[in-house]
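Novice: Take a look at the following structure, please.
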Amino acid sequence: IDDIQVGAPIADDRNPLVSGVSVPQNGTYGIGDELIFTVTFDENITVDGKTSKLILDIGGVTRTATYDTESDNSITYTYKVQAGDIDANGITVGELDLAGSTIRDAAGNPADLTLNNVEATAGVCVDGVAPAITGTITPPANGTYAAGGNLDFTVTFDENVTITGTNSTLELTIGTTPVFATHLSQTANSITYRYVVQTGNLDADGIAIRGLTLPNGNTI
C-alpha cells in the first residue's frame, strides 16, 4: 500500500477570475437614482482597501461606480446619477480599477481584473437632464379681453413630462396685480393654463407672465 500523506500542502498559483458582472435592471434612471453593479469572482477573495472602482461610460462621459460592499466572492459598486448625465442607448461597463487596493485569494494570488460575462446594459438608460420649457410660453391672441374672457397660456417642454396633481399655476401680472392662471389641460409635453378675466382687472399695455408655481404634492 502506497504511503498516504495527510494534510499535505496544496499548491495554488491560479489567479481568481471574474465569473460575472450583474448590472441594474432595465429602465431609465434619473437624478439621484443608484446604479448597482456586482462583480463576482470564481473563488473567495480578500479585499485590502475600499478604493477600487468600476469605470462606466454614460453617454460618452466616463463615470465611476465606487466600492460599496463585499461578500466572500463578490464586490458591489454603486453609482448615483448626477444632473446632466444622459444616455438613451444604454450605459457601458468599462473596467475594474483597483485604485490602490488589492483583491486576492487565500493563497495571495492577485485577481485577474478582466470583466467576464457582463450582463447586457443596452436597456439600462440614464436621464439626468431636467425638462426645460422650449422657447416662449404661447399666450392668448392679441386683443382686449373683458370680464369673463378666457386667457389661455400653453407651456411646452422639450420632452414628454409626467405631471402629478393639477394644482400648479402660472403666475401673471395684470396692471400691477399678481393673478394666477390655473391648470386647464395637458398633453404629453405641454400644460395649458387659463385665467378668467375678473371685474376690475385693467392692463392697457399688455399683461406679464411671471412663472410657474408648484404647490406641495404637485410635480412636473
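The values are calculated or read from the model by the stated rules, or taken from the named source; none is laboratory data. As the structure is a computational prediction, the values presented were derived from the model and not from experiment. All Cβ positions, even for glycine, are placed from backbone atoms using ideal geometry, and neighbour counts span all protein chains on display. Accessible surface is based on the protein model in full, side chains and every heavy atom, while ligands, DNA and RNA are left aside. Shrake-Rupley method; radii C 1.70, N 1.55, O 1.52, S 1.80 Å.
Novice: Placing +1 at every Lys and Arg Cβ and -1 at every Asp and Glu Cβ, with all other atoms neutral, what dipole size does the range 83-157 have around its Cα centre, in debye to the nearest 20?
Specialist: Charge dipole, the range 83-157, about its Cα centre: 320 debye, nearest 20.
Novice: Per residue, how much accessible area does the chain have with a 1.4 Å probe, in Å²?
Specialist: 57
Novice: Provide the packing ranking of 179-188, 39-48, i.e. peptides ordered by the mean count of other C-beta atoms within 10 Å per residue, highest first.
Specialist: 39-48, 179-188
Novice: Can you run phi through the Karplus equation (6.51, -1.76, 1.60; θ = phi - 60°) for the range 76-84 and list ³J(HN,Hα) in whole Hz, with x for Gly and Pro?
Specialist: 9, 10, 10, 10, 9, 4, 9, 4, x
Novice: Relative to the Cα centre, what is the charge dipole magnitude of the chain, using +1 at the beta carbon of each Lys and Arg, -1 at the beta carbon of each Asp and Glu, and rounding to the nearest 20 debye?
Specialist: Approximately 1380 debye in magnitude.
Novice: Here's something else I'd like to know. As a test question: what accessible area, to the nearest 10 Å², does R63 have when a 1.4 Å probe is rolled over all protein chains in place?
Specialist: Accessible area, nearest 10 Å²: 60 Å².
Novice: Please list, in order along the range 182-198, the HN-Hα scalar couplings obtained from phi with the Karplus expression 6.51 cos²θ - 1.76 cosθ + 1.60 (θ = phi - 60°), rounded to whole Hz, x for Gly and Pro.
Specialist: 9, 4, 10, 7, 8, 10, 4, 10, 8, 10, 10, 10, 10, 10, 9, 4, 9
Novice: Of N216, T51, V197, which is farthest towards the positive pole of the chain's charge dipole, taken about the Cα centre with +1 and -1 on the beta-carbons of Lys, Arg and Asp, Glu respectively?
Specialist: V197
Novice: Keeping all protein chains in position, work out how much accessible area L17 exposes to a 1.4 Å probe, and write it in Å² to the nearest 10.
Specialist: Surface accessible to solvent at L17 totals approximately 70 Å².
Novice: Could you check the simple spin-label distance between A146 and I31, using points 7 Å along Cα→Cβ, in nm with one decimal?
Specialist: Here the answer is 4.7 nm between the modelled labels.
Novice: Tell me, what is the 1.4 Å probe accessible area of T28, in Å² to the nearest 10?
Specialist: Probe radius 1.4 Å; accessible area of T28 about 100 Å².
Novice: Which percent of Cα-Cα pairs in the chain sits in each 10 Å bin, short to long?
Specialist: 7, 24, 18, 14, 13, 11, 7, 4, 2, 1, 1, 0
Novice: For the chain, with all protein chains present and a 1.4 Å probe, just round the carbon and sulfur fraction of the accessible area to a whole percent.
Specialist: 49
Novice: Follow-up. Could you go through the range 209-216 in sequence order and give the Karplus-derived ³J(HN,Hα) for each residue, using 6.51 cos²θ - 1.76 cosθ + 1.60 with θ = phi - 60°, rounded to whole Hz, and x for Gly and Pro?
Specialist: After applying 6.51 cos²θ - 1.76 cosθ + 1.60, I find 9, 9, x, 7, 10, 10, x, 3 Hz.
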